[in-house]
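The values are calculated or read from the model by the stated rules, or taken from the named source; none is laboratory data. This structure is a prediction, so every number in the text was calculated from the model and none was measured. Cβ placement follows ideal geometry from the backbone for every residue including glycine, while neighbour counts extend to all protein chains displayed. For the accessible areas, the whole protein counts, side chains as well, though only heavy atoms, and no ligand, DNA or RNA atoms are used. Shrake-Rupley method; radii C 1.70, N 1.55, O 1.52, S 1.80 Å.
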Amino acid sequence: MTKPHVAVLYGGWSAEREVSLASGTACADALESRGYRVTRVDVGRDIALRLAELKPDVALNVTHGRPGEDGTLAGILEVMQIPYSHSGVMASALCMDKAMAKKVMAAAGVPVPGGLIVPRREAAREHLLPRPYVIKPNTDGSSLGVFIVTKDHEHPPQELHSTEWTLGDSVLVEPFIAGKELTCAVMGDRALGVIEITFAGTFYDYEAKYAPGGSKHLIPAPLKPNIYSEVQRLSLAAHQALGCKGVSRADFRYDDTPGGTGQLVCLEVNTQPGMTGTSLVPDMAAHEGVSFAELVEWMVLDASLDR
C-alpha cells in the first residue's frame, strides 16, 4: 500500500520559530525513514497557495506559536479539506489563550493557579500579588517572556514597558507554586508516563528546555503512586475538556516542599508540544516502548477531517 504524501508544516514567524524548525526537521527525517514521501514546508503567509500547489494527502502541523498553534493554520487546512495532525481550530485557539483555558479547566475540575490577567504595563507599575509570583505572556510558549518576581525584587520587571516587547499586551500574573515541575502527555485517549523536570536555574526557562544538558527528564517521575496517577488523570481530563486531539502535553507544579501546601496545579496545555532532541513527549513515548519514528507516524495516521 502506498503511504500518503505528508506536508510537514514548520517554521512560521512566531518567537518560537527556531524550535519549530528543529521539531519539523526531526519529524520529517523520521517519516522519511519510515518510507513516506515528505515535503518540508516553512510556513509563510502564502501557505494556502503552497498547499494548493502541493496537494498533500495529510499535513503534519509542527508549527509552534502563531499561526500553527492558535487555530489559524488548522482553519486553512479545514477549508482546503486536508487532514491534519493535532488539535482543531477551537481547541487550538482556546489553549493558546492561557487565561481562557484556565477557566475551562477549572470548570472541568482540573486545579489551576489563581491570579489575574492584566495589560503588561499595569503589571510593570506595581506588585499585583504577594511575592513570589510569576508574570508570563498570555499567548506565547517556550517560557519566552516569563519572569519570577521574588522578595528580592523591589519593583516588577521593567522589561514589560519596553517598546521592543513582541509577546502580546496581556500578561498573566500568578502565584509562584514551589516544588516540582511535572509534565504528562496524552496520546489519543490515554495518558503517557509522568516526567519530573529538574534544572539548574530558578525555573524551566528557554535555555533549560532547549539547550543540550539544560535539564534532566526523570521518568517515571519519583512521586507517590497516588500523585503520579492523579497527574495522568488530570492530563486526560484537561485534554478532553479543552477538546484537544492527537497529542497534547499538560504542565504541572506540585508543592511537595517541607511544610508546603501539597498543591498540584495544571499550568497549561500545549497542543503543539515540541519534537526536538531535548523535547518531553518523545521521552514519554519511548518510556511506553514507542520510538520517535513510530510516534510521528502515529500522529500522521491519527490525522482526520472528523473534528
Item checked: For volume of the Cα convex hull per residue in Å³, calculated from these coordinates, the label among [x] 146; [y] 154; [z] 129 -> [z]
Notebook entry, point to check: If R0 is 51 Å, what FRET efficiency do you get for residue 107 and residue 32 from their C-beta distance, rounded to 0.05?
Noted result: 0.75
Notebook entry, point to check: If you place +1 on the Cβ of every Lys and Arg and -1 on the Cβ of every Asp and Glu, how big does the dipole about the Cα centre of the chain come out, in debye to the nearest 20?
Noted result: 340 debye
Item checked: Backbone N under 18 Å from the residue 53 label point (7 Å along Cα→Cβ), restricted to segment 1-23 -> 6-12
Item checked: Using a Förster distance of 22 Å, the FRET efficiency for residue 81-residue 189 (Cβ separation, nearest 0.05) -> 0.30
Next item on the list: On the protein heavy atoms, probe 1.4 angstrom, tell me the percent of accessible surface of the chain carried by carbon and sulfur.
Entry: 52 percent
Note to self: Can you give me the angle between helix 98-107 and the longest principal axis of the chain, using Cα atoms only, in degrees from 0 to 90, rounded to the nearest 10?
What the structure shows: 80 degrees
Item checked: Max mean-square fluctuation residue, GNM over the chain, Cα-Cα springs under 10 Å, options 118, 186, 247 -> 118
Check: Can you give the direction-averaged projected area of the convex hull of the alpha-carbon atoms in segment 116-175, in nm²?
Finding: 3.6 nm²
Next item on the list: Using a Förster distance of 35 angstrom, determine the FRET efficiency expected from the C-beta separation of residue 302 and residue 216, and round it to 0.05.
Entry: 0.75
Next item on the list: Give the percent of DSSP beta bridges with both residues in segment 8-155 that are antiparallel, rounded to the nearest 5.
Entry: 35 percent
Next item on the list: Please turn the phi angles of segment 290-296 into ³J(HN,Hα) values with the Karplus equation 6.51 cos²θ - 1.76 cosθ + 1.60 (θ = phi - 60°), one per residue in order, whole Hz, x for glycine and proline.
Entry: 9, 5, 4, 4, 5, 4, 5
Checklist line | Nearest-20 debye value, segment 116-175 charge dipole, Cβ charges on Lys, Arg, Asp, Glu | finding: 120 debye
Item checked: Contact order relative to length of segment 6-159, as percent, for alpha carbon pairs under 8 angstrom and 6 or more apart -> 19 percent
Notebook entry, point to check: Highest GNM mean-square fluctuation, the chain, Cα pairs closer than 10 Å: which of 297, 18, 159?
Noted result: 159
Item checked: Distance between modelled label sites at residue 198 and residue 233, nm, 7 Å Cα→Cβ extension -> 2.8 nm
Next item on the list: Report the one residue of 101, 89, 77 whose Cα lies farthest in the direction of the positive end of the charge dipole of segment 65-105 (charges on C-beta: Lys and Arg +1, Asp and Glu -1; origin at the Cα centre).
Entry: 101
Next item on the list: Scan around residue 267 for amide H atoms under 5 Å from its own, H built in the peptide plane at 1.01 Å from N, and keep only partners 5 or more places away or cross-chain.
Entry: 251, 252, 253
Checklist line | Rounded to 5, percent antiparallel among DSSP beta bridges of the chain | finding: 75 percent
Item checked: Reachable lysines from residue 245, criterion Cα separation under 21 angstrom, eight or more residues apart if same chain -> 98, 102, 103
Margin query: Spelling out what I want: for every residue of segment 250-262, take phi, set θ = phi - 60°, compute 6.51 cos²θ - 1.76 cosθ + 1.60 (Karplus), and round to whole Hz; glycine and proline get x.
Written below: 9, 10, 10, 10, 10, 8, 10, 5, x, x, x, 7, x
